[in-house]
Amino acid sequence: MKITDECFGKVKQDCFKFIKSQETSTEKFKGKEKMLKSFLIPLCDWIAKKADKKRPYFVGLAGGQGTGKTTISSLISIILKKYFKKNVFRVSIDDFYKTRKDRSKLSKSIHPMLMTRGVPGTHDLKLMQTFFKNAKQKKFRSIKVPKFDKSTDDRYPKKNWYNVNKKPDIIIFEGWCVGAKAEENKSLLKSINTMERNRDKKFIWRKYVNTQLKTNYKKLYSQLNTLVYLKAKDFSLLQKWRLKQENKLKLKSKKNSKSKIMNKNEVLEFMQTYQRVTENMFKKAPKYASIIMNLNSNHIIKTAVYKDK
């Protein structure tokens, strides 16, 4: 308890300032003190003890769309830097999406649904593998890491990429499908929603995504040292949260003719591409994640289960 109170005293101002930056006039963050003291500070203490000075400690942080991965990973980063004095680099798997041009090629050569960013197979695996490899080099050299602009649905130019100039003690790699595992082939034969039923009648899209998880993504995720999973109750709750997220993006996005902010129907359709992998993670991830943080319907962490002591 002593370390929790001491840490809270030192990080409270920075954490609350960040939380405030994420709020809107109608959406206020509830239970922030309890979240920090009961869940995030103990998690950071656990991570800090596991981290090895010789090479970066890779923390995978996963959860369905709208579960608050960006907020939670940002707060973890603040705590680890401020109190535990760790050099932390936080990046989202979303930053590694293929460009619109590359997804267009993929959609023509394999399946039209691959134009939509999100599912395994729409990320630039070569860039991700290179990032993991370079981060683990004994002789660390500065790394450039891509940055993706969701408002234009395309990658930022190289001049806007992240620069990692010092070897991180901890790398937080967050994303909705981080750590996801492949399904059994027979389960692919049953459509999970209208999009699959109408647009993937020959199962080409879902088989391609599943094969990616079975091969390239499995190899990538095996390099994570630990996986933290934010578990929501069900998919309909994620849809509700994702709609709120898009409204927030709309409020924060400057008037930009290139902006690709989605309306309600577009969000719900977009989420259908995520549903299969997300539902599979609901069932499977709690069995293999090191830490499961269970969220209630108000977006608040209610319990944490540590499976890897």
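The values are calculated or read from the model by the stated rules, or taken from the named source; none is laboratory data. Worth saying up front: this structure is predicted, and the values here are computed from it rather than measured. Because the Cβ atoms are built from the backbone with ideal geometry, glycine has one as well, and the counts that use them run over all protein chains shown. What goes into the accessible areas is simple: the full protein's heavy atoms, side chains included, and nothing from ligands, DNA or RNA. Shrake-Rupley method; radii C 1.70, N 1.55, O 1.52, S 1.80 Å.
Listing for the model above:
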{"item": "Karplus (6.51, -1.76, 1.60) ³J(HN,Hα), θ = phi - 60°, over segment 108-114, in Hz, Gly and Pro reported as x", "result": "7, 8, 10, 7, x, 5, 6"}
{"item": "Beta bridges per DSSP with both ends in the chain, % antiparallel, nearest 5", "result": "35 percent"}
{"item": "Approximate spin-label separation Asp234-Tyr306, in nm, with each point projected 7 Å along Cα-to-Cβ", "result": "3.3 nm"}
{"item": "Per residue value of the accessible surface for the chain (all protein chains in place, 1.4 Å probe), Å²", "result": "52 Å²"}
{"item": "Per-pair calculated FRET efficiency, R0 = 35 Å: Lys17 and Lys214 via Cβ, rounded to 0.05", "result": "0.25"}
{"item": "GNM top mover of Ile19, Ile170, Ile78 - the chain, alpha-carbon springs below 10 Å", "result": "Ile19"}
{"item": "Residue-level accessible surface for Thr70, protein heavy atoms, 1.4 Å, Å²", "result": "70 Å²"}
{"item": "Subset of Lys32/Lys54; Lys248/Lys302; Lys17/Lys307; Lys30/Lys302; Lys105/Lys133; Lys50/Lys138 violating a 22 Å alpha-carbon distance limit", "result": "Lys32/Lys54; Lys248/Lys302; Lys17/Lys307; Lys105/Lys133"}
{"item": "Accessible area of Lys248 in the full protein assembly, 1.4 Å probe (Å², nearest 10)", "result": "60 Å²"}
{"item": "Most mobile listed residue (Lys50, Lys139, Lys30) in the chain, GNM with C-alpha springs under 10 Å", "result": "Lys139"}
{"item": "Calculated FRET value between Ser38 and Arg141, using beta carbons and R₀ = 35 Å, to 0.05", "result": "0.30"}
{"item": "Cβ-based charge dipole, the chain, positive-most Cα from Pro56, Gly9, Ser25", "result": "Pro56"}
{"item": "Approximate spin-label separation Lys133-Lys2, in nm, with each point projected 7 Å along Cα-to-Cβ", "result": "4.7 nm"}
{"item": "Solvent-accessible area of Glu184 with every protein chain in place, 1.4 Å probe, in Å² to the nearest 10", "result": "120 Å²"}
{"item": "Note, ³J(HN,Hα) from phi for segment 291-307, Karplus 6.51, -1.76, 1.60, rounded to Hz, x at Gly and Pro", "result": "9, 10, 9, 8, 9, 8, 5, 9, 6, 9, 5, 9, 8, 10, 10, 9, 9"}
{"item": "Carbon plus sulfur fraction of accessible area for the chain, probe 1.4 Å, in percent", "result": "50 percent"}
{"item": "Label-reachable residues, segment 50-76, where backbone N falls under 12 Å from a point 7 Å from Lys248's Cα toward its Cβ", "result": "66-75"}
{"item": "In order through segment 19-35: 3J(HN,Hα) via Karplus (6.51 cos²θ - 1.76 cosθ + 1.60), integer Hz, x for Gly, Pro", "result": "4, 4, 5, 8, 7, 10, 4, 9, 10, 9, 7, 9, x, 5, 5, 4, 4"}
